[in-house]
Structure formats: structure tokens, C-alpha cells
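First the structure, in the form of C-alpha cells, and then the observations on it.
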Amino acid sequence: MCGIAGFLNLNDGKDASIATLKRMLSSIRHRGPDGAGVYYDGRACLGHARLSIIDLAGGTQPMCNEDKSVWITFNGEIFNYIELREGLLKKGHVLKTHSDTEVIIHLYEDHGAECLKYLNGQFAFAVWDKNKGELFLARDRLGIRPLFYAGSGGAFFFASEIKAIFAANVIERAMDPDALDEIFTLWCTVPPRTAFKGVSELPPAHYMTVKNGVASIKQYWDVDLSGCGEELGFEDSMEALKGLLIDATRLRLRADVPVGAYLSGGLDSSVTTALIRNFSSAPLQTFSVAFEDGDYDESVYQKEMARALGTEHHEIRCSYSDISENFARVIWHTEKPILRTAPVPLFLLSGLVRKNGFKVVLTGEGADEVLGGYDIFRETKIRQFWARFPDSAHRPMLLKKLYPYLPAFQGQSKFYREAFFNTGAAGTSDILFSHRPRWRTASRNRLFFSDWMRGMLKGSAEDAYAKTLPAGFEGWPPVARAQYIELKNLLPGYILSSQGDRVSMAHSIEGRFPFLDHRVVEFCSRLPLRYKIRGLNEKFILKKAMKPHLPENIVKRTKQPYLAPDGKSFFKSGKASDYVEDMLSDERITEYGYFNPGPVRLLVNKCRRGAVTGFRDNMALVGILSVQILHRQFLKGPVAAAL
Amino acid sequence: MRDRVRKFIFDNFLFGADEGSLKDDDSFLEQGIIDSTGILELVAFLGEQFNIQINDDELMPENLDSVNCIVNFITRKKQPA
């Protein structure tokens, strides 16, 4: 796991030089503190900041093929590289190292873009084919590793993080109002859009070629949840899933450095940890976040799991002030506004892992998406059941079974609960049926946008997102549609980026995710819904499969989503820290121009009174503060001047 | 009473939008003004400001879904039994 950066000169080479690349690399040094390398031939320049994990002595990059005509800079891991290497050797390739990087070069030589289908891993890389004069960029199927690009007219730039592209000092810096609208509605940007104008994100499961100044982007993989697969019996499916998870975990333990694991106290990370413990001989250390605020703390379950598996356990305790003090540093790494503070404790956790001498952790991310774990899937199931008989008095009563961990939700009357989830006559035929209630709620926070922002918006973020969905999507079952949206939207756009790669790589920590092995994702996509959610029992097949290996309390526990305190982290006795007060002041809100100072002032006053309790107000506060900080860090100056 | 209710709605849910943006008959639910937890904030405000006890079975749109509904509801509650 590393950081990559580079460029391709498109004409006279005035826009970029070796000095440009050095600036780009040094801006992402946190991703690869163990070494750096550069390749430059006058046209293409590839740079690499290395975090040594596999083939510590021989894995230096950029790396080339036998005749030095193909060069690569690579961020990530190819977990099946040992098997791929054996196949390449049999075909007569000469491999100089034992790294996974070199395997990609030779696969690319043999198969071109088709090489991607052989890779089991998490990756973003650039290959420069000197003879063809073509730059080839690719990103893994689920979007675990990031890759951004921008063109200046004179050069094409790419990098693991946007700050490296800005470090080239060629791309004009400006926030994209439509991106802010997407974040305030959908919670994340939809690639290729990023928070910044002129900088694009290569979408997950896509590759890109740049040749003779022409860029072309293609999708090479997608998950099919249309429900047309062949059905295995439950017992056979359960054994097959368990076998796949054991193998996915085994592959992800491949490293020449020790591997640790995160323990959240929930089912998914417990499964991952149990798989490591039960199906490998690796010694194990585990890491967790505990919260001083008991409403968010799961340390009892974390410790129970650590005891049950006999791991050496480490914990970091997170307070309100920890969140407030580290929030701006986290925004520097997320490079996009966020609506929740949840990435901050994970940033602190990766720091704890690093302090203990680890570079790699396995985590449970992806299980909720592929096995129907999120509340939104149960919610969709109930709303679908209700929509068949909209006048039923009994069906909507099931809504009370949702969100048992939210006192405000449980305390409201049935009339209001039903009104919130009733999205109108369109019912399940609405292509965004599953996500409409929460996106509608989130988008109300547009009321904080300034007149300038509103004038810049080109349309509705929801409508624009709906156009990106695959052909025939409206015919998929509603829960399958919800799963697809979570897998393609929030997973890469927030969970794996703002809560994943960006906050772990801030401390040079690589996350690995057995549930996101593409074989697991594809297998689970073919499972019938009733195997995943039995009645309203989420991740049913996973619980059954792993029951012998987990404490009963963990399996039976009511699902608790990972959350951190939002608004109350910033205000103590009605006062926030100096930087928060400054960022939210009338003066700074007016200066940056994205929001209307009057409404922001009222929201801040509500926070001072401790009266902000609902998701909507909390999301508004965290969203506004993060936009302001992002502007300060990346643009600095009145927004109009930056455009 | 009406002014205090309107001010609470504007300060806490509409965050200072133009006075004309909310008519006294406008439905909070239809316009998305109050979210699923906002109703609890509203009930706490009404109880405290007007010294009334609101029962669970009174948490319904007929009583709380517009400025007029709220004013009528409080008026009824304040009348001697």
C-alpha cells in the first residue's frame, strides 16, 4: 500500500517536470514513508511513495518488464499474486522480484486491459507502455484504493490523492457546487465528480487509457443483483459462503509484516477476527475505538470478543474534544466534506495501530452491503410490504421494529413515523424507492446554501444519480436496488474513502477487507434475499455459518451501527474551540460564500443551547463546518476569486 | 401565541427563511419542514412554553402539522375542562 502520482506530457513538456513530480509525491508522503521512486522518459513520469508490505527488499517502484518498455506505479495489493506468478513463470516470463507489482506488468503484457479480470485485490495503478505511447490507469472493483486525475491542456496528471494533483501547481483550485449538493443529499460525490472542479475520480471497476492526448474510460466489472441467478439450497450456500470467507481471509493474511485486526464489537469484524484465529496460525493483535460517551461505546463487546479469541487487545478512548481537535486534520485527508464525525475516531485508531508497529489490519467492511446488514434494507423490506396494501393499519406498525438504538425514533408517534417513511403514490415503482426518505431529509439542508450556490446548481442530485443506474434497474427487487446503491454509492464514496483509505493511510495503515473479495461479493449477489434477511433478521446466513466460532452474545446482539457524537463534540458549555467559532462565524461564512450566514447563525445557536438532537441538524453542522475547513485548506480566499 | 410558535418554527426548523415562505395552514410534513425527531423538539417546546402536558395519543398531524393546527390545539388544551 502506497501512494502513486505521475503525469503524461501532452505537448512541449512545459507543464510538468521531475520537480513537479517530487512536489506531488511529497504531498502524499504519509501514504508511503518507507521510500520513493521516480521514472521519467521525457513523455511519461511515474512516481511512487512506498509502504513496504510484500517483498520488502525487492519491491521498489516504479518497476518495469524485461526490456524496460512497460513501466508501472502501483498502490495496493494483489492477494492472489503467488498463484498468478506461477502461471507467468510457466509461460516463460522472467520475474526479477517476488512482489505482486511485477505480476501486473507481465499480465498486462499478455492480456492488456483484460489483465484486470485475473486480479484478486485492492488496487489503483498506472502502466506506461512506451512502445504504444499509451498510459493505462485502473482501479479495483469495489473502490478500495483511490485514483484521481486532471488535465491541464499541456499535461495529464494522476495521483492517489487530490492534494498531489494540486501540488503540481497547474490545476486551478475551485470547489464544485454540484459536488456539495451531491454530498448534502447523497452523502458523497458520484464519480467522476469530486469536491473540486477540474479534478476527477476514476470510478471503481473502471480503467482509463490516455493516448495521443485522447482519454477513454471503460467499466470492466459490475455486480448483478437483478435476482436472476441459479439457487443453491441454504445449507450448501452457507458452507460455500464460509469456504469463500476462509479463503478470502487466508489470502489477505499474505504479508511480510505482521497483520492485525479491528474489532468494533459488532458481528462483521468479529467474523473477520474469528476467521483469522480459527483458520490460520497467525498470532493476532486487535484494535478498537471506545467512546467516553456511553451512547456510542461498544467496548464491552469488543473486550468480550478479544477475550474469547485470546487476542492481544489495544483500545483508544475517544472523547468529544478528541473529535473536535482532530476534525480539521481529518478533512485534510478526506478531501471532501463529510456529514458525520465518524471518520475522526477511525483516524485516531489507525494512529494507535501505527504506534504499535503494525502496517496492516483486516476489518469487517463490506459485510453489511453484500449480506443485507444495514437498517435501510430492513426498512425497504417493510416499506415494500406496506406499499402492497397502502391502506393497511397493521403493516406500517412494523416500522417500530427499525432503529431500536435511536430513542428519538422509538419515542415518536406512529403517525409521524409513518409519514416519514411514506414517500407517496409512486411506491416501489420509484427507482430510488429505498433511499428517497433519507435523501429527502438530508437534502432539506440545502436551505443553508447561499444564493450564489443555488444559482450555480445545475439540477437535482437525486435525478442526476438516478441516471447513472444500470439498464433495467427499475425492474430489480427493491431491496436489491437498495443493496446496489449502497455498494456503488456510499461504500466507495464514504465508507471505504472518508472512513477507510483516507483515515487509515493518514497514518500509513493498510486496511484489508475479506468481505470485499470479489468472489464473496459475486457469490452473495446471487443468494436469495431470504438467505440474507430472514424476516427482519439481518445477515442471517452469516450468523448461521459463523455461530460455532463466535460468542452467543455477539451473534444475538441487536445491530448497532458505528456512529460518533456529532454536534456535541464541538460545543462545550455553549462555546466551541477557536477554529470552529472562526469557521462558523458570519464573517467567514460570508467570505467563503457557500452558505447563508443567517441560517448558519441560527443553527450554531441551536448547537450552543444543546438543542441539536436529530440527524438533519447534526448533518448540517458537520457538513457546513467541513466545507468551510476544506475551503480554508485547499482554496484559501473568497470563493468567487477561485472560480 | 401564534408569533411565538412561528418564531420557534423559523428559528429551529426553517433557520430564518423569509416570513412569507410559511403560511399558517402549510403542512409541516408535506413541506418536509419537520423531520422524524423534530416533532419531539416541537412537543418539548410547546410543553415548556405554554405549560401544557401533551399525551402520546395527541401526537398526531391534526394537532401539530401546521401553525394553525398548533394554535388551535394549544387553545383547546388551555380551556378549562
- Task: Would you please name the residue that is modelled with the lowest pLDDT, looking only at residues in region A:122-158 that are open to solvent by less than 20 Å² (accessible area, probe 1.4 Å) and on the phi > 0 side of the Ramachandran plot?
- Result: A:GLY133
- Residue match in region A:3-21 (condition: of a type in the set (Phe, Trp, Tyr) and touching a residue at least 40 places away in the same chain (Cβ under 8 Å)): yes
- Working only within region A:1-24, note down all residues that are assigned to a helix (DSSP H, G or I) and buried (at least 24 other Cβ atoms within 10 Å of the Cβ). A:LEU21, A:MET24
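Residues are listed down the side, and each one gets a yes or a no for (1) assigned by TED's automatic domain parsing to the domain that holds A:ALA306; (2) crowded, with 16+ Cβ neighbours inside 10 Å; (3) part of a helix (DSSP H, G or I):
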| residue | (1), (2), (3) |
| --- | --- |
| A:GLY511 | yes, yes, no |
| A:PHE523 | yes, yes, yes |
| A:ILE541 | yes, yes, yes |
| A:THR590 | no, no, yes |
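Restricting to region A:603-630, give me the number of residues that are free of Cβ contacts under 8 Å to residues at least 12 places away in the same chain and not in a helix (DSSP H, G or I).
Looking only at region A:603-630, we keep the residues that are free of Cβ contacts under 8 Å to residues at least 12 places away in the same chain, and these are A:605-606, A:611.
Filter once more, so that each one left must be not in a helix (DSSP H, G or I): A:611.
Here the count works out to 1.
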- Of all residues in region B:56-70 being open to solvent by 30 Å² or more (accessible area, probe 1.4 Å) and either facing another protein chain (nearest Cβ under 10 Å) or aromatic (Phe, Trp, Tyr) (or both), the one that is farthest from A:GLY411 (Cα to Cα): B:GLU62
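Quick test for you: out of A:GLU134, A:GLU102, A:GLU114, pick the one residue that is within 17 Å of A:ARG43 (Cα to Cα) and in the same structural domain as A:ILE82 (by TED's automatic domain parsing). Before you say what the answer is, go through the steps one by one.
Working: A:GLU102 fails: within 17 Å of A:ARG43 (Cα to Cα); A:GLU114 fails: within 17 Å of A:ARG43 (Cα to Cα).
Only one candidate passes the filter, namely A:GLU134.
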- Conditions: (1) in contact (Cβ under 8 Å) with a residue 60 or more places away in the chain; (2) within 14 Å of chain B (Cβ to nearest Cβ); (3) within 25 Å of B:LEU29 (Cβ to Cβ); (4) surrounded by fewer than 17 Cβ atoms within 10 Å (Cβ to Cβ). A:ASP451 meets all but one. Number of the miss? (3)
- Just need a number here: residues in region A:363-422 that are polar (S, T, N, Q), closer than 19 Å to A:TYR562 by Cα and more than 14 Å from chain B (Cβ to nearest Cβ). 1
- Item | Close pairs (9 angstrom Cβ cut-off, 6 or more residues apart or separate chains): farther than 11 Å from B:LEU40 by Cβ in region A:404-419, open to solvent by 20 Å² or more (accessible area, probe 1.4 Å) and among the basic types (Lys, Arg) anywhere | A:PRO404/A:LYS559; A:TYR405/A:LYS559; A:LYS414/A:LYS400; A:ARG417/A:LYS400
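For region B:15-40, give me each residue that is within 7 Å of chain A (Cβ to nearest Cβ) and either within 11 Å of the chain's Cα centre (by Cα) or of a type in the set (A, V, I, L, M) (or both). Spell out how you get there, then give the answer.
Here is the first cut: in region B:15-40, the residues within 7 Å of chain A (Cβ to nearest Cβ) are B:15-17, B:29, B:32, B:35-40.
Matches in region B:15-40: B:ALA17, B:LEU29, B:GLY38, B:ILE39, B:LEU40.
Residue by residue, here is whether (1) touching a residue at least 60 places away in the same chain (Cβ under 8 Å); (2) in a helix (DSSP H, G or I); (3) open to solvent by 10 Å² or more (accessible area, probe 1.4 Å); (4) hydroxyl-bearing (Ser, Thr, Tyr) holds:
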| residue | (1), (2), (3), (4) |
| --- | --- |
| A:VAL330 | yes, yes, no, no |
| A:PRO337 | yes, no, no, no |
| A:ARG340 | yes, no, yes, no |
| A:LEU348 | no, yes, yes, no |
| A:LEU352 | yes, yes, yes, no |
| A:GLY357 | yes, no, yes, no |
| A:VAL370 | yes, yes, no, no |
| A:GLU379 | no, yes, no, no |
- Which of the following residues is within 23 Å of A:ARG145 (Cα to Cα), touching a helix residue (DSSP H, G or I) at 6+ places or on another chain (Cβ under 8 Å) and open to solvent by 30 Å² or more (accessible area, probe 1.4 Å): A:LEU263, A:LEU244? A:LEU244
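Here are A:THR185, A:THR189: which of them is part of a loop (DSSP other than H, G, I, E, B) and closer than 30 Å to A:VAL622 by Cβ? I'd like the intermediate steps shown before the answer.
Details: A:THR185 fails: part of a loop (DSSP other than H, G, I, E, B).
Of the residues listed, the single one that is part of a loop (DSSP other than H, G, I, E, B) and closer than 30 Å to A:VAL622 by Cβ is A:THR189.
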- Quick one: would you say A:PRO561 is in a loop (DSSP other than H, G, I, E, B), over 30 Å from A:ALA174 (Cβ atoms), open to solvent by 20 Å² or more (accessible area, probe 1.4 Å) and in contact (Cβ under 8 Å) with a residue 24 or more places away in the chain? yes
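In region A:382-394, which residues are in a helix (DSSP H, G or I) and open to solvent by less than 50 Å² (accessible area, probe 1.4 Å)? Give the steps one after another, and end with the answer.
Going through region A:382-394, the residues in a helix (DSSP H, G or I) turn out to be A:382-388.
Passing the criteria: A:ILE382, A:ARG383, A:GLN384, A:TRP386, A:ALA387.
The values are calculated or read from the model by the stated rules, or taken from the named source; none is laboratory data. Only a predicted model underlies this, so the values are computations on that prediction, with no experimental measurement involved. We place every Cβ from the backbone using ideal geometry, glycine too, and count neighbours over all the protein chains shown. Surface areas here come from the heavy atoms of the whole protein model, side chains and all, with no ligands, DNA or RNA. Shrake-Rupley method; radii C 1.70, N 1.55, O 1.52, S 1.80 Å.
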